[in-house]
Structures are given as structure tokens and as C-alpha cells.
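Read the structure below first, then the notes.
The values are calculated or read from the model by the stated rules, or taken from the named source; none is laboratory data. What you see is a predicted model; the values in this text were computed from it and never measured. Positions of Cβ are backbone-derived with ideal geometry, glycine not excepted, and every protein chain shown enters the neighbour counts. Side chains are part of the model used for accessible areas, which takes the heavy atoms of the whole protein and leaves out ligands, DNA and RNA. Shrake-Rupley method; radii C 1.70, N 1.55, O 1.52, S 1.80 Å.
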Amino acid sequence: MSNHLKNITLRIWRQAGPAAKGNFETHVVDEITDEASFLEMLDILNDKLVTEGKEAVVFDHDCREGICGTCSLMIDGQAHGPQRGTATCQLHMRQFKSNDTITIEPWRASAFPIIKDLMVDRSAFDRIIESGGYITADTGGAPDANLIPIPKVIADAAMDSAECIGCGACVAACPNGAANLFTGAKIAHLSRLPQGQAERYSRVESMVETMDDHFGSCTSHGECEAACPKEISIDVIALMNKDFRKAKFANRKDLARK
Amino acid sequence: MTLTDELFAKNTVKLDSKIPDGPVADKWDNYKENMKLVNPNNKRKFKVIVVGTGLAGASAAATLAELGYQVDAFTFHDSARRAHSIAAQGGINGAKNYKGDGDSVHRLFYDTVKGGDFRAREANVHRLAQVSVDIIDQMVAQGVPFAREYGGLLDNRSFGGAQVSRTFYARGQTGQQLLLGAYQQFSRQVGLGGISLYNRSELIDIVVIDGRASGIVVRDLVTGEITSHAAHAVVLATGGYGNAFFLSTNAMACNVTAAWRAHRKGALFANPCYTQIHPTCIPQSDDSQSKLTLMSESLRNDGRVWVPVNPNETRPAHEVPEEERDYYLERLYPSFGNLAPRDISSRAAKRAVDKGQGVGPKKNGVYLDFSEAIERLGHDVVQERYGNLFEMYERIAGENPYETPMRIYPASHYTMGGLWVDYELQTNIPGLYAAGEANFSDHGANRLGASALMQGLADGYFVLPYTIGNGLAPLLNKPMPGIDHPEFKAAEDAARNRYNAYLAINGTKSPDYFHRELGKIIWDYCGMERTEEGLKKALELLPALYQEFKTDLRVTGSGDDMNQTLEKAGRVDDFFQLGMLMCRDALDRKESCGGHFRAEYQTDEGEALRDDVNYCHVAAWQWGGDPMTPNLNVEPLEFEAVHLATRSYK
């Protein structure tokens, strides 16, 4: 049965725009059921703010099923809050107690500039994918899907890293603001599959270089893995690094042949 | 003279469905052989706008750019990867017959027409079934990690309304993997310069000049700036309108605005009353709830649906003995059992709950029980198949489904209605196309499971790239209006005034308040079961609430920066207008079919009772200047390859 939580104090980051100076604003949510999700609590707060004639707190969210990767939020200093393997939208108030004070901040990373309040711009992730996070297969002319058998373990391992939702928690959790888990996950997904072999080394080289243009460097803290709502293993970074090193040789050889 | 003939004679718009000649199995090939082509070097002279980057939009934009067209793509999300196609769980159908269980293009075609209760256009559905096999090949080539068997070949599962295994899946995240596949292909074209991407940009109007779609007006959600964009063709791949119910499995931002703005500019809106209520969602737990979460239909492969026979049952599920359980789907529909189609399963759940047999604290659900499957297959196999869905359930409901049966209840999930399109997916406005859930064409009155992903990708990959070329070829080197045309300026001004007006009302209630109230009316009177009396009541309540919206809305902040309250106001406004049309369409369709169930029209056994003499037609509504006075146009449906029959899953 549901319980009612009382007197939750929220310290929420408000910032009018990218260049504005931000500050914490305090609000109290009097009563809420523990069946409510964390974002529903923010909905209730926003509804109250609008009714009182104040501006609603801006935050990114959409599917509320933990799959679209739109939601974010540093909750008490943890990306996506205290529950392991759970995106903010799937976090429920039963994880909190009456009289708790909860601090809510946006992702903080120089590659993710703040747009307003809790919303940031994560388009640097798209730039990484655009630079090589795909298998080139123009529409039409694909061979029969069962032509190349893919061992189940390989397909499963590819799927493990393909589950990344692109939310940016890994970057927000990283003291260096590095995007290695995100980039590594896509590289691991594609380079484990037979279809991904043709572009394996050109892909890793160009994706890593684009990543370095926008993000900080990895120093193997492992915070990314702990923060990832999909619990993607840091092993993907090792795989990416290995392939990147190989690419430096492989690509040079290819070039020499030309 | 049938009602269809009578209505058809009164059409105010000439509806030409452009179905090609020949037997149904040859129509698509005939079309392709006779269509006009654009020379590869001329393709770059054409600009195509694609709105929406879900499966249909991303695949269309990527393919058109690969062919050489200049593509401008728009999404209101921060990234093209966020579109709601991503949330589809269960799978995608493809008539591959890899299982050797008797599947074929014809069988998928027939199942889809029958599943849609014979209210879809036969030729479109056949084409969908034909290209379904190409989709699977295309997605595998792109690296979509579909589930495989130990030998390395692709695995399949079954979905509702089919007696073969033709559903391909990637754990419980098939939509995510397919969308990421399309998004990656799309991103490649962004990187190569074939696509110009406008993110966080919402379509707020369509511009029609001399009867032809000439471009769109968008609002930059970050800066509030309103700009115009001209093109030779505009594709709307903007999804469905399930959020009209407020509580639905749709993402929070899903809305009808793009389709509705097109409708107001002359595009017909077809069958708005065909909405799908999905049987397996987590029941509502409290009043502040913002959305409902789907539990994939694939769970019904192994889960058994039941309610206690005794409405006053208080024991926990595992203590209720077998003989005191009613496995009502297995009892009522023995040949399909727990895999009965969605509309039928939803109504059966509603009836059980209405009879007081509901379970859970609010008695608003039915059990979906895995104990027999766990016994038969073992914990590990069940975990392998459904592990992530079980985890998701536990996070939301706070109960472990390996130990306690899930509780489920129907919720708004998908809309079969949408913009009217012809065989080429073109609306009645030349140059304006609609793809994926935004159009009405393939699912009739009820969509089968795992067919939404199939349709989105079919439209985007394998239909539009051909039909758009056919439409553009005659326009080569002809002058087209640019954004300096006064119509663009007028549309921008109208849009600006509309948004300023929301800010100026300065009333007392938020857009969310109105959305919630609107949703309640539509759910109560235009949901799983509809009556003439209820619909008439809704058509009194809706205009009254809409009036209140126009006078008592409060939108804080300004129009010159990121303002989610203002965005919401525009979307709720359009939902109000659509809501009235949904009820009107439901009132006028005096029969039951698929997801449209009118209590007055049912068999003795409580099944949908169609009226093929008078209602075997598409109801395509024309904007009449006021949401309460639309004009009805009909397209009669003719069936050549299948015989109209009463749908039976017994």
C-alpha cells in the first residue's frame, strides 16, 4: 500500500540561460505518495509554481520508461539518483523518507552547456555518432538476414553495449567529463558484429578523435560504470582503446597501400 | 443505396486513393514499374522536409539523403535518437517464414487485414507485408543485434492475432535497437551533409501555396524564435495522438500538433476514433500519475491472464486455488488463448474489473501470472526472455513478478487513425506526405502487435523514397515559392499571435490541469467502450472545458526562451480540437469494429458487431472552421483478395 511522504525539501538549481549566473532555490513539497515517481514530484511542484504565477522548473524528460535517455538530473550528487541501474524517470519516491532534503542539479560538464535550469545541451554525443557510429548500409540491396550466422554469445554481447540510452550520466559522473563509456559502448556494439568489421578501424579512429574534440580524457575512475542506468561495463572502454591502438597501425598500412 | 454510397455522393473533397491496377499481389510491382524517376544528378535540386525522427522519419530522411535529395530534418527532441519509437518493446513482424511454420507474405497480409477488423485499405496492407522481409534484411545489415539462437540464426516469437512465429526482437528493447539503427544511418547522412538537422524545433504550422504544401513554420524551443522553411515536399512522421487521453503509454511530449496543423490547412483526418487500448500496462497507482507504462505483449507468450472467480477475494494470488481462478482469455478464446488480439483482450479485462473481479489495492487490474512458465521453463529461461521487463515492473510497482503475479490493465497506447493518405502516402494536399503512426493507412480499426515498427520502417525505407520521387519528377526546374512569399509571413504572424495569446490569458490553471481534465472526458466516453449517450455528453463537456481553457489558462514565463509550459499550452489546445473530432467520429460510426466498440452494436456474446453494408468505409474529416463542425468525406473500402468475415479468435 502507498504511504505518504511529508515535508520534502528540494534545493533546485535555477539558471535563466547559458550565460546567466545560477543559484539554488528551495521549495517544500508538503505531501506526496511514495508511489509517485521522482519526476511526478517535479510535475506537482511545477503545477504549483505555475498556478502561483511563477516560472516552472525546466528539466528534460520524455518517455518516463527509462529508455529514451532524455531525463537527467544530479540528485544529491549522484547522476540519476541513489538507485543503481535506474534512470531518474524510473526512480520512485519510495526511495526517500519524509523530511528529506534533496539537492537537484543539472549534468555538470563543459561539453554539456546548461540551456536553462536543469536542462543541458548534449548534442556533442550526436557529433560522435555522426563521425562514425554506424555501419554503412544504404537502404536496399541488403543480403538475406540469415546469411551470416552470428553466435548467440556475440549477439548478446553486442546487445549489452547497444543498450546505451545516450543520457550522459557517464559524462556527468566523471571527474574529467569524459565520454569514453558512451563512445566505447557504440564501438563495442558495432565492432563485435561481423557486419561491423569493414569499418572497424576507421570507425574507432574517427569517433575517438571527435570525442576528444569535445570531452575530457579518461583516467579510469570507473564512476561512469557506477552511474550508468543500463549498467554498461567499463570493459567497452578497454575494447575501444585496444581497437584505437590497432587502428593507428592498420589505417597507416591501408594508407601506404594507396 | 447504402450509407457509404450516400455519404460518398456528398464528399466535399475528391478522394483518389491512387491504388495501382492489377491483382493485389502485383500492385506494388506495377506501381514501381510505371512510376516517374528523378535522374541522380537532378535529385540534389530538390529539397524535402522531414518532420519527426522516429522510425518513419529517420529512415525516410536517411534514405532520401542517400539517394541525393537535400533533406531538412526537424525534431522537437534534443537528439534524433529520443523519438518515442524507442520505447517499443516487443518486436517487429517480418514474413520470413524462418520457422517453417507456414508463414508467407499473403498470411501476414491476411492477418493484418483481419486483425484490423476489415477496415484497412487492402492494397496498402499487402505492400506492407511484402516489404516486411526487406526491413529485417536492412536492419540486420546495419548491425541491429536481434535475438539469435545458439546456431547463430535469428530467433522469433509469437504475437497476438497470429498463429505463426514471425516476430523478430532484441530483448525487450526492439524499438530502441531499430530506432538506433535508423538514427545511426540518419546521423551518417548528417555527418556527410546530406541532412541538415534542426533539433529542439517544433513544427507549428504548414504553409500551403496554390494548393501545394510549400514548407513549414517552426518554433525554436530554446530561443522561442519562429522561422519558415520552404521545400518541394514535406513529410510528417510525427507519431500518433494517444496522449489525447492524458494517461497513456506515450512519451510525455507526444502530441498531435503537426498533424492537426496540417488538418487545419486542408488535410483530411481519417478515422480519429480508431484508438488502441493496450491490454498489458501497469495499472494507475495514484492520482498524480503522469503516464502509464506498458508491459510488452510478448509477456503473453508465457504469462497467463486470470482474475479470482470471487469478487470479494482477499487472499494473495498464490493462495487462490486453481479452481477459483478464471483464466478468462483461455476460456473465451481457446485457439488464441492469452494471445488474443489487443482490442479483444482489453475489453475482456475491462469486463472482469467492471464485474468487481479486479485485483490490487485499487481493484483496477488483472493478474498476468508467470508461475506456470517458471515451473515449465525454469527461472533462468524466463529471466533470459523477460528479465528487463520484470525489473522495470518491480521498479514501478514495487513487487517482484517472479514471486507475485504482475498486475496489468489496459491503457491508451497507439492510434490507428491519422492523416488520410493515398497509396503514395500523400495527403490530399499535394506535396504533403504522412508516414508511420501519423497516417491512417495500414492497421484499420485495430493494430496487431509488432506491426507498428514494421509500418514505420516500411513507410520510411521502402515506400516514400519511391513515391516522393514520382511526385517530384514533374516539378524539375519549375520555380517554387520561397520563404519570402507572403504566405510564409502570414503563417509566422498567426503562429506568433497564437503563442502570445496563451501568455496573455493570465488565468488560474496550468496547461497540465486542462490536459488531465480533457483526458478524463475522452477516456470515460471515448475509451474502451462507447455509447451514443456518452459521446453526446462528451461533445457537450469538451467545448465547455475548451472555453474555460481559452479564458482561464495560465502560462508563466515568456515566449522568448525555453518555456515548457508554453509548449504544452499549444499542444493541449490542439488535443482539445482533436478530442472533439474523435468523439464526433465515434458517434457517427454506428457499428463496432476493432478498437472502436459501441455498446449498442455487439453480438450476443459481447463481440464487436460490424455493419459492412453501411460502414465499410474510411471516414475522412475535413476542417470546417470550427472543431465542432467538421465535414465528413468517405472513401469506400473494396476488398478483392480477402472476404469480409466476422473476426473470430475462438
Return a whole-number percent for the relative contact order of chain A, with Cα pairs under 8 Å and 6 or more residues apart as the contact set. 18 percent
What does the convex hull of the Cα atoms come to per residue for the protein assembly as shown, in Å³? 160 Å³
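Using only protein heavy atoms and a 1.4 angstrom probe, determine the accessible area buried between B and A, summed over both sides, in Å² to the nearest 100. Let's see the in-between values first.
Numbers: alone 24230 and 13480 Å², together 31280 Å².
Roughly 6400 Å².
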Treat each spin label as a single point 7 Å out from the Cα along the C-beta direction, and report the B:Leu153 to A:Lys248 distance in nm. 4.5 nm
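How much accessible area per residue does the protein assembly as shown have, counting only protein heavy atoms and a probe of 1.4 Å, in square angstrom? Let's see the in-between values first.
Working: 31280 Å² over 908 residues.
Heavy-atom SASA per residue in the protein assembly as shown reads 34 Å².
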Taking chain A as the reference, fit the longest principal axis to its C-alpha atoms, fit the long axis of helix A:200-214 to the helix C-alpha atoms, and give the angle between the two in degrees, 0 to 90, nearest 10. 40 degrees
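Please say if the range B:240-282 is rounded, prolate or oblate, where rounded means a/c under 1.5 for a ≥ b ≥ c the square roots of the C-alpha gyration tensor eigenvalues, and otherwise the choice is prolate for a/b larger than b/c and oblate otherwise?
oblate
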Taking θ as phi - 60°, what are the ³J(HN,Hα) couplings along the range B:609-618 by the Karplus curve (6.51, -1.76, 1.60), each to the nearest whole Hz, with x for Gly and Pro? 10, 7, 10, 6, 6, 9, 10, 7, 8, 8
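Using a cut-off of 15 Å between beta-carbons, work out the net charge of the residues near A:Asp121 (Lys and Arg +1, Asp and Glu -1, A:Asp121 not included).
Working: positive: A:Arg108, A:Lys116, A:Arg122, A:Arg127, B:Arg81, B:Arg82, B:Arg200; negative: A:Asp60, A:Asp117, A:Asp126, B:Asp78, B:Asp220, B:Asp561.
The answer is +1.
As a test of the definition: which semi-axes, in Å, follow for the range B:486-616 when you take the square root of five times each eigenvalue of its alpha carbon gyration tensor? Largest first, please. All intermediate terms of the calculation are to be shown ahead of the outcome.
Numbers: eigenvalues 269, 56, 24 Å².
Those come to 37, 17, 11 Å.
To the nearest µm²/s, what D does Stokes-Einstein give for the range B:296-374 at 10 °C and 1.306 mPa s, using the Kirkwood radius over alpha carbon pairs as Rh? Numbers along the way, then the final one.
Details: Rh = 12.7 Å.
For these conditions, the coefficient is 125 µm²/s.
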J(HN,Hα) series, the range B:283-297, from Karplus relation 6.51 cos²θ - 1.76 cosθ + 1.60, nearest Hz, glycine and proline x: x, 5, 9, 7, 6, 8, 4, 9, 7, 10, 10, 6, 10, 3, 4
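For the range A:122-257, state the semi-axes of the equivalent ellipsoid (square roots of 5 times the eigenvalues of the alpha-carbon gyration tensor), sorted largest first and rounded to whole angstrom. Before the final figure, lay out the partial values.
Numbers: eigenvalues 122, 69, 37 Å².
Three semi-axes, in Å: 25, 19, 14.
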Viscosity 1.002 mPa s, 20 °C: Kirkwood-radius Stokes-Einstein D of the range B:278-412 over Cα pairs, µm²/s: 144 µm²/s
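Peptide B:75-87: average number of partner chain Cβ atoms within 10 Å per residue?
Working: counts 0, 1, 5, 13, 10, 2, 8, 9, 3, 5, 1, 9, 7.
Rounded to a whole number, the mean comes out at 6.
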Kindly identify residues of the range A:1-45 having a loss of at least 40 Å² in accessible area between the isolated chain and the assembly of all protein chains, probe radius 1.4 Å. A:Glu35, A:Glu40
Could you please state how large a percent of the accessible area of the range B:278-412 is carbon and sulfur, counting protein chains only and using a 1.4 Å probe? 47 percent
Among B:355-361, A:89-95, B:408-414, the order from most to least packed when residues are scored by Cβ within 10 Å on average: B:408-414, A:89-95, B:355-361
For A:Lys97, the lysines lying under 23 Å Cα to Cα, once residues fewer than eight places off in the same chain are dropped, come out as A:Lys6, A:Lys48
Go through B:440-446, B:154-160, B:312-318, B:625-631 and give me the packing order, highest mean Cβ count within 10 Å leading. B:440-446, B:154-160, B:625-631, B:312-318
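Contact order normalised by length for the range B:249-308, with contacts defined as Cα pairs under 8 Å and 6 or more residues apart; what percent is it? Display every interim value, and only then the final one.
On the way: 24 pairs, mean separation 21.8, N = 60.
The value is 36 percent.
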Net charge within 11 Å of B:Glu324 by Cβ-Cβ distance, Lys/Arg positive one each and Asp/Glu negative one each, not counting B:Glu324 itself? -3
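I'd like the Kirkwood hydrodynamic radius of chain B, using the inverse of the mean 1/r over distinct C-alpha pairs, in Å.
Details: mean 1/r = 0.0400 Å⁻¹.
Hydrodynamic radius (Kirkwood, Cα only) of chain B equals 25.0 Å.
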Leaving out ligands, DNA and RNA, and with a 1.4 Å probe, what % of the accessible surface on chain A is carbon or sulfur? 51 percent
Straight-line reach only, C-alpha to C-alpha below 26 angstrom: list the lysines that B:Lys265 could link to, leaving out same-chain residues fewer than 8 apart. B:Lys10, B:Lys14, B:Lys18, B:Lys47, B:Lys478, B:Lys489, B:Lys550, B:Lys568
Within a 10 angstrom radius of each residue's Cβ in A:151-164, how many Cβ atoms of other chains show up on average? Whole number is fine. 5
Semi-axes of the equivalent ellipsoid for chain A, please: Cα gyration tensor eigenvalues, times 5, square-rooted, ordered largest first, whole Å. 40, 20, 16
Dividing the mean separation of Cα pairs under 8 Å (6+ apart) by the residue count of chain B yields a relative contact order in percent of 21 percent
For a quick check: with amide H placed at 1.01 Å from N, whose amide H comes under 5 Å from B:Asp72's, ignoring anything fewer than 5 positions away on the same chain? B:Val48, B:Ile49, B:Val50, B:Ser196
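Would you kindly calculate the mean projected area, averaged across all directions, of the convex hull enclosing the Cα atoms of the range A:4-115, in square nanometres? If you can, show how the numbers build up before the last one.
Details: hull surface 28.3 nm².
Over all viewing directions, the range A:4-115 projects a mean Cα-hull area of 7.1 nm².
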Hits among lysines - C-alpha to C-alpha of B:Lys362 under 21 Å, sequence gap 8 or more where chains match: B:Lys291, B:Lys350, B:Lys520
Return the calculated 222 nm mean residue ellipticity for the protein assembly as shown, to the nearest 500 deg cm²/dmol, obtained by summing -39500 (n - 2.57) across DSSP H runs with n ≥ 4 and dividing by the residue count. -11500 deg cm²/dmol
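Looking at chain B only, what percent of DSSP beta bridges run antiparallel? Nearest 5 please. Could the numbers behind the result be given before it?
Values: 45 of 65 bridges.
Of all bridge pairs located within chain B, approximately 70 percent are antiparallel.
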